[in-house]
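Enquirer: Below are the structure tokens for one structure; questions will follow.
Each reported figure results from applying straightforward, stated rules to the coordinates on display, with no laboratory input. Model, not experiment: these values are computed from the prediction. Neighbour counts are summed over all protein chains in view; Cβ atoms, including those assigned to glycine, are modelled from backbone coordinates with ideal geometry.
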């Protein structure tokens, strides 16, 4: 479904006005978010049945902030197998407009199952367009079983990929105990198969150092359960241990309530540089 150009232009103008008139006290008070880019990755999306009568879909919006029409390529990176041979879906988005679908994978990509979506703004030659200004949002949702017209959902961030973040990612804020199970995922954006070591470190000595290794095909997604001792709070460490490792990957972990299916996810991030003494 299209987002009207006039409505987006009005919202865009209001945003610029608010930024122009916001009081500033010092540069330490500035928080400047990444509002647009020429490439965005939605690290997990899908159209697939879940447990206990659920059926999960992805509600995704893509916005073109540019004052000119923009060609957008949508590449599907499936779960468990390489997406290198899957032809992208190409959509031309009018100036300061956008499009969305509450079942994006089915209706826009004509795919099913789980995977990632690589959203690229391209020029007439199919190359990344340096002048593009795309923004995207995503949530995974399902009709709530045994409730009329009710839904439950989880917002999942759209990521601007950075290929200089090194080979190690940290994930905090997830749980694994009697109430919550825990999953992790890796989106491999590179053109070659990559191998990763995933280590979970619990909040008690009993959960220290559980390690598994995962191989992820080129341009694909791997999602897997992290089982073991129930020790509450966890940190997850994901390291690329391939013979020819690429930093071009995204990681996350999710905790899911065993009774209700309520869930939350945390994205992996590179460790910050150590301050000098």
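Enquirer: How many nm separate the modelled label positions at residue 92 and residue 224, each set 7 Å beyond the Cα in the direction of the Cβ?
Expert: Distance between label points: 4.4 nm.
Enquirer: Order the peptides 216-226, 117-127, 257-267, 54-64 from the highest to the lowest mean number of other Cβ atoms within 10 Å of their residues.
Expert: Highest-to-lowest ranking by the protection proxy: 54-64, 216-226, 117-127, 257-267.
Enquirer: Modelled label-to-label distance, residue 235 and residue 160, 7 Å Cα→beta-carbon offset: nm?
Expert: 2.7
Enquirer: Working out 0.36 nm times the residue gap between residue 149 and residue 81, then minus their Cα-Cα distance, what length gain in nm do you get to one decimal? If you can, show how the numbers build up before the last one.
Expert: Numbers: separation 68, 0.36 × 68 = 24.48 nm, distance 3.49 nm.
Between residue 149 and residue 81, full extension yields an extra 21.0 nm.
Enquirer: Over segment 67-199, what portion of Cα pair distances is larger than 17 Å, expressed as a whole percent?
Expert: Numbers: 6168 of 8778 pairs.
So the portion of pairs separated by more than 17 Å is 70 percent.
Enquirer: Expressed as a rounded percentage, what relative contact order does segment 35-155 have, with Cα pairs under 8 Å and six or more residues apart? Please list the in-between numbers first.
Expert: Details: 291 pairs, mean separation 47.5, N = 121.
The normalised contact order for segment 35-155 reaches 39 percent.
Enquirer: Relative contact order of segment 96-238: what whole-number percent is it, with Cα pairs under 8 angstrom and at least 6 residues apart? If you can, show how the numbers build up before the last one.
Expert: On the way: 205 pairs, mean separation 30.5, N = 143.
Averaging sequence separation for qualifying contacts and normalising by length gives 21 percent for segment 96-238.
Enquirer: Mind checking Rg over Rh on segment 72-116, alpha carbons, Kirkwood formula for Rh?
Expert: On the way: Rg = 11.6 Å, Rh = 11.6 Å.
That ratio is 1.00, to two decimals.
Enquirer: Please report the base-10 log of the normalised intensity I(q)/I(0) for segment 168-267, using a Debye sum with one equal scatterer per alpha carbon and no solvent, at each q in 0.10, 0.15, 0.17, 0.19 (1/Å).
Expert: -0.26, -0.56, -0.71, -0.85
Enquirer: Pairs of alpha-carbon atoms within less than 8 angstrom and 6+ residues apart define the contacts here; what relative contact order does segment 56-117 have, in percent?
Expert: Numbers: 105 pairs, mean separation 28.7, N = 62.
Computed over segment 56-117, the figure is 46 percent.
Enquirer: Between the alpha-carbon centers of segment 51-98 and segment 249-270, tell me the distance in whole angstrom.
Expert: A separation of 22 Å, based on Cα centres.
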